[in-house]
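The values are calculated or read from the model by the stated rules, or taken from the named source; none is laboratory data. What you are looking at is a predicted structure, and each value in this text was computed from that prediction instead of being measured. Here the Cβ positions follow ideal geometry from the backbone for every residue, glycine too, while neighbour counts run over all protein chains shown. Note: accessible area is taken over every heavy atom of the protein model, side chains too, but ligands, DNA and RNA are not part of it. Shrake-Rupley method; radii C 1.70, N 1.55, O 1.52, S 1.80 Å.
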Amino acid sequence: MRLVFAGTPEPAVPSLRRLASSRHEITAVVTRRDAPLGRKRVLTPSPTAQAAEELGLPTIRTDRLDAAATEQITALAPDLGVIVAYGGLVREPLLSAPRHGWINLHFSLLPRWRGAAPVQHALIAGEAETGASVFQLVAELDAGDVYAERRITPAETATAGDLLAILAEEGADLLAEVVDGIADGTARAVPQVGEPTYAPKLSLADGLLDWTRPRAEILARLRGVTPEPGAHTTYDGERLKIASARAASPDAPNGSPGALSLHARQVIVQAADAPLVLERVQPAGKGVMNAADWWRGLRAEAPVVGR
């Protein structure tokens, strides 16, 4: 089949590479425009654009699938549109332009976690199982019939970044199987079953750790917001980023929520029910460092985070 592929961030790249090596023809890759990155704000192509260039595939760079983009894509006469984390909505008449419409690789088990940040919300919610789904794109958000899904059990220490990398690879194979099935006429999609939950894009506020909550809940949130938007608390009125943390041993000292102490050369912070070990932190204006090194620079006799 003649395919149009739409994607932008790194998790879309495995799917693009997998389809580029398949028996199908990618007529164009749609991706968002080059964006300024880094302190010098250098205009940088998206990871998908960079991969397309390596593969020798033409790109359509647009932040919106507007009338101009629709005209460009329609002129290619695609049989199927494939979208993986493009970052924009596909509306009519573009939605119906390909002969088989559009399919979407989504990183959750639909109808769980429809929306922009499914992996992050699944981890924050402490779910033991998640996965990837390939579904038929419709006008309603992530509500189309599902062709296939793949389930995985995340490692207890997996961050959103870790899990997204795994799902991107697993999902690429799943997506390729569905594309082949559509081409062969064997693919069958079934309606989603269950009550939908939603996963809106996370803000900086979603990364704030509340030490009055249970330890398991705090660790789940930390995993879900790492690496973006990042977990953080406050110390001495300034933001302190928490790069990594884990449950403390049973013999670690207890105290009031947010209280810090040093135990066995480890920095301990108290949650509502049990202590955690801060492993790596990033104070304001500094780089990521070992928490014990940060501790040695503190002057307070009874330091507390979250204030």
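Just checking, does segment 176-194 include any residue being under 18 Å from the mean Cα position of the chain (by Cα) and among the hydrophobic types (A, V, I, L, M, F, W, C)? No - not one qualifying residue is present in segment 176-194.
Yes or no, residue by residue, for (1) modelled with pLDDT of 95 or more; (2) among the small types (Gly, Ala, Ser); (3) within 21 Å of ALA158 (Cβ to Cβ):
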{"site": "PRO227", "(1), (2), (3)": "yes, no, yes"}
{"site": "TYR235", "(1), (2), (3)": "no, no, no"}
{"site": "ARG246", "(1), (2), (3)": "yes, no, yes"}
{"site": "PRO253", "(1), (2), (3)": "no, no, no"}
{"site": "ALA271", "(1), (2), (3)": "yes, yes, yes"}
{"site": "VAL277", "(1), (2), (3)": "yes, no, yes"}
{"site": "MET289", "(1), (2), (3)": "yes, no, no"}
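When segment 133-145 is limited to residues that are over 30 Å from ILE218 (Cα atoms) and open to solvent by less than 10 Å² (accessible area, probe 1.4 Å), the one that is farthest from the chain's Cα centre (by Cα) turns out to be GLY144.
Filtering segment 268-302 to residues that are over 23 Å from ARG221 (Cα atoms) and either open to solvent by less than 20 Å² (accessible area, probe 1.4 Å) or aliphatic (A, V, I, L, M) (or both) leaves LEU298, ALA300, ALA302.
Conditions tested, residue by residue: (1) touching a helix residue (DSSP H, G or I) at 6+ places or on another chain (Cβ under 8 Å); (2) closer than 16 Å to GLY81 by Cα; (3) without any contact (Cβ under 8 Å) to a residue 24 or more places away in the chain; (4) surrounded by fewer than 21 Cβ atoms within 10 Å (Cβ to Cβ).
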position	(1), (2), (3), (4)
TYR147	yes, yes, no, no
ILE152	yes, no, yes, yes
THR157	yes, no, no, yes
ASP162	no, no, yes, yes
LEU167	yes, no, no, no
ALA172	yes, yes, no, no
GLU177	no, yes, no, yes
ASP180	no, yes, no, yes
ALA187	yes, yes, no, yes
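Here are some residues: LEU110, LEU94, LEU76. Which one is farther than 20 Å from ALA52 by Cβ and in the same structural domain as GLU177 (by the TED database)? Full working, then the answer.
Working: LEU94 fails: farther than 20 Å from ALA52 by Cβ; LEU76 fails: farther than 20 Å from ALA52 by Cβ.
Sole residue among the options that is farther than 20 Å from ALA52 by Cβ and in the same structural domain as GLU177 (by the TED database): LEU110.
Mind checking whether some residue in segment 240-251 is closer than 22 Å to VAL277 by Cα, hydroxyl-bearing (Ser, Thr, Tyr) and crowded, with 21+ Cβ neighbours inside 10 Å? Looking through segment 240-251, none of the residues is closer than 22 Å to VAL277 by Cα, hydroxyl-bearing (Ser, Thr, Tyr) and crowded, with 21+ Cβ neighbours inside 10 Å.
What tally of residues in segment 43-100 results from selecting those that are among the small types (Gly, Ala, Ser), surrounded by 14 or more Cβ atoms within 10 Å (Cβ to Cβ) and not in a loop (DSSP other than H, G, I, E, B)? So that I can check it myself, show each step before the final result.
The initial filter retains those residues of segment 43-100 that are among the small types (Gly, Ala, Ser), namely 46, 49, 51-52, 56, 67-69, 75, 77, 81, 85, 87-88, 96-97.
Keeping just the survivors that are surrounded by 14 or more Cβ atoms within 10 Å (Cβ to Cβ) gives 46, 49, 51-52, 69, 81, 85, 87-88, 97.
Cutting the leftovers down to not in a loop (DSSP other than H, G, I, E, B) gives us 49, 51-52, 69, 81.
Of the residues in that region, 5 qualify.
So which residues in segment 101-147 are in a helix (DSSP H, G or I) and closer than 19 Å to ALA6 by Cα, if there are any at all?
Looking only at segment 101-147, we keep the residues that are in a helix (DSSP H, G or I), and these are 118-124.
Matches in segment 101-147: PRO118 only.
Could you list, ordered by first residue, the pairs with Cβ atoms under 8 Å in which the first is in segment 57-74 and under 14 Å from THR8 (Cα atoms) and the second is open to solvent by 20 Å² or more (accessible area, probe 1.4 Å) and aliphatic (A, V, I, L, M), at least 6 apart or interchain? Listed by first residue and then by second, the contacts come to THR62/ALA68; LEU65/LEU89. Pick from ARG213, ARG221: which is of a type in the set (Lys, Arg) and not in a loop (DSSP other than H, G, I, E, B)? Result: ARG221 is the single residue among ARG213, ARG221 that is of a type in the set (Lys, Arg) and not in a loop (DSSP other than H, G, I, E, B). For segment 18-35, check the following and say yes or no: at least one residue is open to solvent by 20 Å² or more (accessible area, probe 1.4 Å) and on the phi > 0 side of the Ramachandran plot. No; the residues of segment 18-35 include none that is open to solvent by 20 Å² or more (accessible area, probe 1.4 Å) and on the phi > 0 side of the Ramachandran plot.
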